[in-house]
1. Please determine whether any residue of region 375-390 is in a loop (DSSP other than H, G, I, E, B) and either exposed (fewer than 13 other Cβ atoms within 10 Å of the Cβ) or not assigned by TED's automatic domain parsing to the domain that holds residue 317 (or both).
2. In region 149-172, how many are at pLDDT 90 or above and either more than 12 Å from residue 198 (Cα to Cα) or among the basic types (Lys, Arg) (or both)?
3. Among the candidates 165, 144, which residue alone is more than 16 Å from ligand 1 (Cβ to nearest atom), out of contact with any Asp or Glu (no Cβ under 7 Å at 6 or more places or on another chain) and in the same structural domain as residue 192 (by TED's automatic domain parsing)?
4. Considering only residues that are over 20 Å from residue 30 (Cβ atoms) and either away from ligand 1 (no atom under 16 Å from the Cβ) or touching a Ser or Thr at 6+ places or on another chain (Cβ under 9 Å) (or both), which ones fall in region 261-287?
5. Among the residues of region 175-204, write down those that are within 16 Å of ligand 2 (Cβ to nearest atom) and assigned to a strand (DSSP E or B).
6. Could you tell me which of the residues 234, 283 is at negative phi and in contact with a helix residue (DSSP H, G or I) (Cβ under 6 Å, 6 or more places away or on another chain)?
7. Which strands (runs of 3 or more DSSP E) sit wholly inside region 233-351 and have at least 1 residues that are surrounded by 17 or more Cβ atoms within 10 Å (Cβ to Cβ) and within 16 Å of the chain's Cα centre (by Cα)?
8. Within the group 52, 42, which residue is surrounded by fewer than 18 Cβ atoms within 10 Å (Cβ to Cβ) and touching a strand residue (DSSP E or B) at 6+ places or on another chain (Cβ under 8 Å)?
Amino acid sequence: MDDFHYRQGQLYAEDVNLDTLADELGTPLYVYSRHTFEQHYDRIAAAFAELDPIICYSIKSCGNVHICKLLAERGAGMDVVSGGEIHRAQLAGADMSKIVYAGVGKSDDEIRMGIEAGIGWFNIESEAEFENIDAIAKQLGKTTRGALRVNPDVADPRTHAKTTTGKKETKFGVDIERARKFFETYGKNEHCRLNAIHLHIGSPIYSPEPYVMAIRKALALIDELRGQGHEIEAIDIGGGYAADYEAGKSPAYDEYAAAIVPLLKGKGLKVILEPGRTIAGNAGLLLTEVQYRKQGGAKQFVIVDTGMHHLLRPAMYDAFHFIWPTRVSREHAPGPRSESMDLPALETVEIVGPICETGDVLAKARSIPPVKRGDRLAIFTAGAYGMAMASNYNAFPRPAEVLVEGDAYRVIRRRETYDDLVAAEMANVGAN
Ligand SMILES: Cc1ncc(COP(=O)(O)O)c(C=O)c1O
Ligand SMILES: N[C@@H](CCCC[NH3+])C(=O)O
């Protein structure tokens, strides 16, 4: 059974009734299922088991320390993109040798932090960055490892322009031609040993084909480099595996694995994966309460107590999130989650938040069962890039996060207060 499911018309996370939870903890509230996190991690590990990969959970998708900890305890490494994420991984007790660190703008302090922590690989995005890492390692009297991020110039046509990273014209990585020169120039440097290739082509990638094309290009490059005497130990194939925003739209892990594993088997390469969304997406939802109803022209607005400040994806990428009340009548017990649900007595509404932006829309022209002030709605598949991208815009405190474990739950991040909003500003108040 899905960990988020309806029983007699009431929404549960595992064995916890979400209306009762909202009565206790208030809304807006991010709710995660521990079981879903564990299942997703275990399933992706099982699908790729033949390769014995390092699965580096991409912290940026949902970085709560408690979540990182439960995945680290299952053996996950971590994919990080900043010093702050290294800090989170350290607090979660992750094995530092299983940390990969990507990002085009790593600062000197962050590089030092990574080297001193003993991370597995820096995923290197440019020549200037490589030189800097090598120089800093030398100053510290240490060695580290580098994986060159190669931009294979492939993309999934269904991936939003703002989240595709595998095309030539993005800021990420270097193209294959430059990669050859990169190894020629830096392949023998000692302080940062360049011995791996990194790919990350975008997110979400809805079919295995773009991975296959990218990996084929990377393997051809690795053959060439090995032919020239370079030792290549690892290939990091990145993240991007889809989550079920709408039922049945994303491939199962086995489908990705069936296409990818045969390409990489027996190649003498340590394989690294960086899944984020596919582990966290369906493991979380955002609970919200209807504040008001309002008519505007021909539109019926349902105004809720959350919005783009807590879940930016609809405003930023026109992303679809299935939204449904926490209490429904039998006829509205949700069937397949999709944009076009053919059920009786639905109402077409705009679900909007309280932010002073016209773009603060969670769902446009969406059919849902009729709701009134005080009813609660669940915004599904919000575990990835939900709380992680939340802000305090308009000085709204961010929601609490709660982790459900069977019939129990733990608040893993308390709700912010108004004092939290100004805490970092208070030190010098009155000092000028
Ligand atoms: C380098 C890198 N690795 C991994 C990920 C995780 O992607 P996803 O959450 O889609 O698996 C991202 C984000 O897209 C990324 O930039
Ligand atoms: N943040 C994005 C995707 C980009 C992932 C980071 N490279 C999302 O919500 O879907």
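The values are calculated or read from the model by the stated rules, or taken from the named source; none is laboratory data. If you're wondering where the values come from, they're calculated on a predicted model, not measured in any experiment. As a convention, Cβ positions derive from the backbone with ideal geometry for all residues, glycine included, and neighbour counts pool all protein chains shown.
1. The initial filter retains those residues of region 375-390 that are in a loop (DSSP other than H, G, I, E, B), namely 375, 380-386, 390.
Within this subset, residues satisfying the condition of being either exposed (fewer than 13 other Cβ atoms within 10 Å of the Cβ) or not assigned by TED's automatic domain parsing to the domain that holds residue 317 (or both) are none.
No, there is no match, as no residue in region 375-390 is in a loop (DSSP other than H, G, I, E, B) and either exposed (fewer than 13 other Cβ atoms within 10 Å of the Cβ) or not assigned by TED's automatic domain parsing to the domain that holds residue 317 (or both).
2. Matching residues across region 149-172 total 1.
3. Exactly one of 165, 144 is more than 16 Å from ligand 1 (Cβ to nearest atom), out of contact with any Asp or Glu (no Cβ under 7 Å at 6 or more places or on another chain) and in the same structural domain as residue 192 (by TED's automatic domain parsing), namely 144.
4. First, pick out the residues of region 261-287 that are over 20 Å from residue 30 (Cβ atoms): 261-274.
Correct list: 261, 262, 263, 264, 265, 266, 267, 268, 269, 270, 274.
5. Quick first cut of region 175-204, residues within 16 Å of ligand 2 (Cβ to nearest atom) only: 198-204.
Within region 175-204, 198, 202 qualify.
6. On inspection, the qualifying residue turns out to be 283.
7. 270-273, 284-296
8. Values: 42 fails: touching a strand residue (DSSP E or B) at 6+ places or on another chain (Cβ under 8 Å).
52 is the lone residue from the list that is surrounded by fewer than 18 Cβ atoms within 10 Å (Cβ to Cβ) and touching a strand residue (DSSP E or B) at 6+ places or on another chain (Cβ under 8 Å).
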